[in-house]
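Peer 1: Here it is: the structure, laid out below.
The values are calculated or read from the model by the stated rules, or taken from the named source; none is laboratory data. Since this is a predicted model, take the numbers as computed values, not measurements. With ideal geometry, Cβ positions are generated from the backbone for all residues, glycine too; neighbour counts draw on all protein chains shown. Just so you know, the surface numbers come from the protein's heavy atoms only, side chains and all, with ligands and any DNA or RNA stripped out. Shrake-Rupley method; radii C 1.70, N 1.55, O 1.52, S 1.80 Å.
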Amino acid sequence: MNWLTNVVRPKIRNMLRRETPENLWIKCPDSGQLVFYKDVEANQFVIPGSNYHMRMGAVARLKSIFDNETWFDVALPDVTPDPLKFRDEKKYVDRIKDARARTNLNDAIKVGYGKLEGAGVVVAVQDFDFMGGSLGMAAGEAIVRGLELAVEKKSPFIVFAASGGARMQEGILSLMQMPRTTVAVQMLREAKLPYIVVLTNPTTGGVTASYAMLGDVQIAEPGALIGFAGARVIEQTIREKLPEGFQRAEYLKEHGMVDMVVHRHELRPTLARLCRLLTKAPAQENASKPTQPVVSPAQIVSAAETAPAAPHA
């Protein structure tokens, strides 16, 4: 009996067992419903029904923006991997290795150059899965290089921000990326090229205190957490209860911190319209017509919210 129980039965069970991926089903953080992963992926990582916007990886984000899901990866400068020889529970170099193996990214920011409805754009995407999208030397170099390329190509620069703040393992060197990226944004501004920021969930800390809030147009995804310090820290400091929805995208739009809250399905055509308006470029179907006159920032935001979508390339 022991032989049947301990040997034969486990072998039969193993033969009949099917391998099930860990991410086959996703639980919606908002409604608690279980959704098939492939359905969520096909819906640009927006939960059907609840419309909850889940985090989106860098590669998936670039695919959703560029024409034909095609772009050129921008080569980024190498940086010292562990300048402070930092170690907490594990070595910093080991944390980087683990993050690279898990995300298949070199660091928290990926930069691509391609076409958005026929017009060239440079897009930088911050991936929260890579050490919380933290801003370190490599991420700072990526933003600066992306802005430099936008100036070289005379094209708009779009950044998708998602971060927990500066990377503590790099100390003051990570904080230095805040003024460096700010100066690079000013370089783009002097070239009179558009700088559009899309704030995704979450965008906090030093990223919010630098390039993430310097856009000519500030867009946020629905429900995105946006702020500098956490709500609990603020409440403990001021000793008051914060209002409902504080630091969420919709609250910030009501109070003038962001210009638009745009659903992910409408993000691509909205960005394309903004790029055309800010560069005074004609729409593709009207390429032979003269460019439009200069308009005010308020008119630009209004037009981007209400204009019909241009056809894809």
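Peer 1: Given the structure, is K63 surrounded by fewer than 17 Cβ atoms within 10 Å (Cβ to Cβ) and at pLDDT below 95?
Peer 2: Numbers: surrounded by fewer than 17 Cβ atoms within 10 Å (Cβ to Cβ): yes; at pLDDT below 95: no.
No: the conditions fail for K63.
Peer 1: Among the numbered criteria (1) modelled with pLDDT of 95 or more; (2) over 25 Å from V261 (Cα atoms); (3) not aliphatic (A, V, I, L, M), which one does F157 miss?
Peer 2: Just one mismatch for F157, condition (2).
Peer 1: Now a separate question. May I ask you to list the residues in region 28-60 that are open to solvent by less than 60 Å² (accessible area, probe 1.4 Å) and among the hydroxyl-bearing types (S, T, Y)?
Peer 2: Passing the criteria: Y37, S50.
Peer 1: Among the residues of region 53-81, write down those that are of a type in the set (D, E, K, R) and free of Cβ contacts under 8 Å to residues at least 24 places away in the same chain.
Peer 2: First, the residues of region 53-81 that are of a type in the set (D, E, K, R): 55, 61, 63, 67, 69, 73, 78.
Listed by number, the residues that qualify are K63, E69, D78.
Peer 1: Another one. Among the listed residues A124, A138, A142, A99, which satisfies the condition of being among the aliphatic types (A, V, I, L, M), in a helix (DSSP H, G or I), open to solvent by less than 10 Å² (accessible area, probe 1.4 Å) and touching a strand residue (DSSP E or B) at 6+ places or on another chain (Cβ under 9 Å)? Steps first, please.
Peer 2: Numbers: A124 fails: in a helix (DSSP H, G or I); A138 fails: open to solvent by less than 10 Å² (accessible area, probe 1.4 Å); A99 fails: touching a strand residue (DSSP E or B) at 6+ places or on another chain (Cβ under 9 Å).
None of the other options fit; the residue is A142.
Peer 1: Taking region 259-280 as the search range and keeping residues that are farther than 19 Å from Y52 by Cβ and among the β-branched types (V, I, T), which one is least open to solvent (accessible area, probe 1.4 Å)?
Peer 2: That would be T270.
Peer 1: Another one. Of all residues in region 235-265, how many are in a helix (DSSP H, G or I) and touching a residue at least 12 places away in the same chain (Cβ under 8 Å)?
Peer 2: Our first condition is that a residue be in a helix (DSSP H, G or I); within region 235-265, this holds for 235-238, 249-254, 264-265.
If we keep only those that are touching a residue at least 12 places away in the same chain (Cβ under 8 Å) as well, we get 249-250, 252-253, 264-265.
Qualifying residue count for the region: 6.
Peer 1: Would you mind stating whether G230 is modelled with pLDDT under 95, open to solvent by less than 50 Å² (accessible area, probe 1.4 Å) and either within 20 Å of S134 (Cβ to Cβ) or under 19 Å from the mean Cα position of the chain (by Cα) (or both)? Please lay out each step first, then the result.
Peer 2: On the way: modelled with pLDDT under 95: yes; open to solvent by less than 50 Å² (accessible area, probe 1.4 Å): yes; either within 20 Å of S134 (Cβ to Cβ) or under 19 Å from the mean Cα position of the chain (by Cα) (or both): yes.
Answer is yes for this residue.
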